[in-house]
Amino acid sequence: MTERETTRLLAWSTELRRVHQRIREALRVTQEAVSAGHPSERAGRDLLLYCHGFCAALDGHHRGEDRTLFPAIEQAHPQLAPVLRALEGDHAVIAGLLGELRAAVDRSAPAEELDRHLEGVAAIMENHFRYEERRLLEVLETLELHAAVGEVFGPL
């Protein structure tokens, strides 16, 4: 194995951490935008963009994992199938919560309601990320996967 191939293998675990951190940051910025309220039409549009951007980033990340990463892990490590099913189940729950958040944003729900939606997503998302990192980072350090980062982890 060449040094470049080794670097790419090790980078999958690094990329997962980076993506999770970017999504956490997008959530933080969105929560701050909600806390700032809707004092103007422009602020309302900005909030809409933050919320939709956060939802798209998290949803895209999970779709990439379901479509590309998890099948590759399961092929190389079939004993992880129950872990991958649990993670996919989390993805479905989070997708439902994101749908509720999007609907609240689209109807210009009050900041308190948006904050409740974001808190719910944040709690499940953080638990999911920690479990995923605990169970998959070591596997990702040796996973042979020939795909673009955006295909694997979503367009972030």
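Any residue that is without any contact (Cβ under 8 Å) to a residue 60 or more places away in the chain, closer than 21 Å to Leu137 by Cβ and not β-branched (Val, Ile, Thr) - is there at least one of those in the stretch 57-66?
yes
Does at least one position in the stretch 112-123 carry a residue that is over 15 Å from Leu27 (Cα atoms) and without any contact (Cβ under 8 Å) to a residue 60 or more places away in the chain? Spell out the reasoning first.
Start the filter on the stretch 112-123 by keeping residues that are over 15 Å from Leu27 (Cα atoms), which leaves 112-113.
This time we only want the ones that are without any contact (Cβ under 8 Å) to a residue 60 or more places away in the chain, so: 112-113.
Yes, the stretch 112-123 contains at least one residue that is over 15 Å from Leu27 (Cα atoms) and without any contact (Cβ under 8 Å) to a residue 60 or more places away in the chain.
Taking Ala122 as the residue in question, decide whether it is closer than 17 Å to His20 by Cα, in a helix (DSSP H, G or I) and of a type in the set (A, V, I, L, M). Write out each step before concluding.
Working: closer than 17 Å to His20 by Cα: yes; in a helix (DSSP H, G or I): yes; of a type in the set (A, V, I, L, M): yes.
It is true that Ala122 is closer than 17 Å to His20 by Cα, in a helix (DSSP H, G or I) and of a type in the set (A, V, I, L, M).
Which one is farthest from the chain's Cα centre (by Cα), of the residues in the stretch 139-156 that are more than 21 Å from Ala56 (Cβ to Cβ) and in a helix (DSSP H, G or I)?
Taking the stretch 139-156 first, the residues more than 21 Å from Ala56 (Cβ to Cβ) are 139-146.
Next, only the ones that are in a helix (DSSP H, G or I) stay: 139-140.
Values: Val139: 19, Leu140: 17 Å.
Top of the filtered list is Val139.
Whether any residue in the stretch 67-86 is within 12 Å of the chain's Cα centre (by Cα), touching a residue at least 40 places away in the same chain (Cβ under 8 Å) and buried (at least 19 other Cβ atoms within 10 Å of the Cβ) is what I want to check.
Of the residues in the stretch 67-86, the ones within 12 Å of the chain's Cα centre (by Cα) are none.
Within the stretch 67-86 (the criterion being within 12 Å of the chain's Cα centre (by Cα), touching a residue at least 40 places away in the same chain (Cβ under 8 Å) and buried (at least 19 other Cβ atoms within 10 Å of the Cβ)), the answer is no, since none of the residues qualifies.
Looking at the stretch 111-123 only, could you name the residues that are among the aliphatic types (A, V, I, L, M) and either touching a strand residue (DSSP E or B) at 6+ places or on another chain (Cβ under 8 Å) or surrounded by fewer than 14 Cβ atoms within 10 Å (Cβ to Cβ) (or both)?
Ala123
In this structure, does Leu136 turn out to be closer than 21 Å to Ala11 by Cα, touching a residue at least 60 places away in the same chain (Cβ under 8 Å) and either among the β-branched types (Val, Ile, Thr) or assigned to a loop (DSSP other than H, G, I, E, B) (or both)? Steps first, please.
On the way: closer than 21 Å to Ala11 by Cα: yes; touching a residue at least 60 places away in the same chain (Cβ under 8 Å): yes; either among the β-branched types (Val, Ile, Thr) or assigned to a loop (DSSP other than H, G, I, E, B) (or both): no.
Criteria not met by Leu136.
Is it fair to say Leu48 is surrounded by 12 or more Cβ atoms within 10 Å (Cβ to Cβ), in contact with an Asp or Glu (Cβ under 9 Å, 6 or more places away or on another chain), under 26 Å from Val139 (Cβ atoms) and at pLDDT below 85? Talk me through it step by step, then tell me what you get.
Working: surrounded by 12 or more Cβ atoms within 10 Å (Cβ to Cβ): yes; in contact with an Asp or Glu (Cβ under 9 Å, 6 or more places away or on another chain): yes; under 26 Å from Val139 (Cβ atoms): no; at pLDDT below 85: yes.
Taking the combined requirement at face value, the residue does not satisfy it.
The values are calculated or read from the model by the stated rules, or taken from the named source; none is laboratory data. In this text, all values refer to a predicted model and were calculated from it rather than measured experimentally. Because the Cβ atoms are built from the backbone with ideal geometry, glycine has one as well, and the counts that use them run over all protein chains shown.
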